[in-house]
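Everything below concerns the one structure shown next.
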Amino acid sequence: MSALSRPRPPQEASSLAPDLAILLRKDSSVEPQNLKHLSNAELMTRMKRLAATERKITHVILLHLCEIEERRLYLKDGYDGMYTYLTQGLGYSEAGAYRRLQSARLLRRIPEAAANLENGSLNLSQMTQVQKELQAQTKKGLSLSAERTKDLLKKLENQNSQETQRTLALEFDSPLQTQDRIKPQKDDSIRLETTFTPEQFEDLKQAKSLLSHTCPDGAWNDVIGSLAKDFNKRKLRDVPSGKRESFATSIQNAGPSEKPSHRREHLRIAIKRDLLKKAQNRCEYTDLKTQKRCSSTYQLEVEHIQPLALGGSNSLENLRILCRAHNNHLARQGGLQAGR
């Protein structure tokens, strides 16, 4: 099924495959030792149904995330944004949360893509990359129409990661990256970014295959390192060791960049320091019902518990630290202090 079609409404989540019901209840049949009695055919058939069910659940989850973000429900529960809600509230990994959030935002824009998520012709990684490119275009003052976005998604159907990246590079006319980048890391390892011609990369892939016994994991750093080590042994066999300079020692560690300071001009900086120290440099918003504290360290601001316009003062008792998201949240509520 290649054509994009409209997604089914969330109510149809109740029609998920029977395997889901097995997984959701504490059923001994899903214990590893109890899968041993299944025949090969039964195990593969069941896995295929479960994979289809997983994709269907993913679609329904994305629809829920769209609605939760639209209503800003995460704020009342003590989270400063959807990403924090997904990682801390729902337990997703950072990468998993990012993919689901970006995919949900693209799905809000192109709801027809839900069918492709369900049938597996598109995946979360592709959706995430498309949404990232759309955001980059928006920052440049450009935009891709809904119809062009649909056409792009159609091109990406059933493509692997490398094919997807190439399609996106062509679609958005991404500039060629030709400059090498060498970056030292805290464990003394070196991160190297470079660009190969198609011919060079084919040679590397062939070398990777030939070295598959020496480098069974197939990691590029192992492959390139093995090639370099073998070359050095042959070329430097008769060179005195004192003249060999380590690649890593030629890299200078960059000093930490200074963070810009942000001040509230109408408050003395000493007051803000005291408030930040008291709040442990974290947002103090706490939900009364769950006692969940936001604790965000992002975009911290001083909030007047009793607004100045309503007779509040700049005394320490009337001030607290909130992240910008919760400060704006309370402002939208007209100064109500339900989360105080």
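The values are calculated or read from the model by the stated rules, or taken from the named source; none is laboratory data. Fair warning: this is a prediction, and the values are worked out from it, not measured in the lab. Cβ placement follows ideal geometry from the backbone for every residue including glycine, while neighbour counts extend to all protein chains displayed.
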For K186, all conditions in the list (1) out of contact with any Asp or Glu (no Cβ under 8 Å at 6 or more places or on another chain); (2) surrounded by 11 or more Cβ atoms within 10 Å (Cβ to Cβ) hold save one; what is the number of the exception?
(2)
Spot the failing condition for T138; the list is (1) closer than 19 Å to Q102 by Cα; (2) assigned to a helix (DSSP H, G or I); (3) touching a helix residue (DSSP H, G or I) at 6+ places or on another chain (Cβ under 9 Å), and only one is missed.
(3)
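Going by what's in this entry, would R340 be described as of a type in the set (K, R), within 24 Å of Y83 (Cα to Cα) and at pLDDT 90 or above? Steps first, please.
Numbers: of a type in the set (K, R): yes; within 24 Å of Y83 (Cα to Cα): yes; at pLDDT 90 or above: no.
For R340, the condition - of a type in the set (K, R), within 24 Å of Y83 (Cα to Cα) and at pLDDT 90 or above - is not met.
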Candidates L122, L176, filtered to the one that is free of Cβ contacts under 8 Å to residues at least 60 places away in the same chain, outside the structural domain of T58 (by TED's automatic domain parsing) and of a type outside the set (V, I, T)
L176
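Suppose we filter G96, G78 for residues that are outside any helix (DSSP H, G or I), surrounded by 14 or more Cβ atoms within 10 Å (Cβ to Cβ), outside the structural domain of L322 (by TED's automatic domain parsing) and not basic (K, R); which single one remains?
Details: G96 fails: outside any helix (DSSP H, G or I).
Only one candidate passes the filter, namely G78.
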Mind listing just one residue for me: the one in region 197-221 that is under 27 Å from the mean Cα position of the chain (by Cα) and free of Cβ contacts under 8 Å to residues at least 12 places away in the same chain and, of those, surrounded by the most Cβ atoms within 10 Å (Cβ to Cβ)?
N221
Any residue in region 114-137 that is loosely packed, with under 11 Cβ neighbours inside 10 Å, modelled with pLDDT of 90 or more and of a type in the set (S, T, N, Q)?
no
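Of all residues being outside any loop (DSSP other than H, G, I, E, B) and surrounded by 14 or more Cβ atoms within 10 Å (Cβ to Cβ) in region 275-299, which is nearest to the chain's Cα centre (by Cα)? Just the residue, please.
So in region 275-299, the residues outside any loop (DSSP other than H, G, I, E, B) come out as 275-278, 286, 293.
Imposing the further condition that a residue be surrounded by 14 or more Cβ atoms within 10 Å (Cβ to Cβ) reduces the set to 275-276, 286, 293.
On the way: L275: 32, L276: 29, T286: 26, R293: 23 Å.
It comes out as R293.
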Kindly establish whether R148 is surrounded by fewer than 17 Cβ atoms within 10 Å (Cβ to Cβ), farther than 30 Å from Y285 by Cβ and either out of contact with any Cys (no Cβ under 6 Å at 6 or more places or on another chain) or assigned by TED's automatic domain parsing to the domain that holds Q299 (or both).
yes
Among (1) loosely packed, with under 11 Cβ neighbours inside 10 Å; (2) in a loop (DSSP other than H, G, I, E, B); (3) not aliphatic (A, V, I, L, M), which single condition is Q159 missing?
(1)
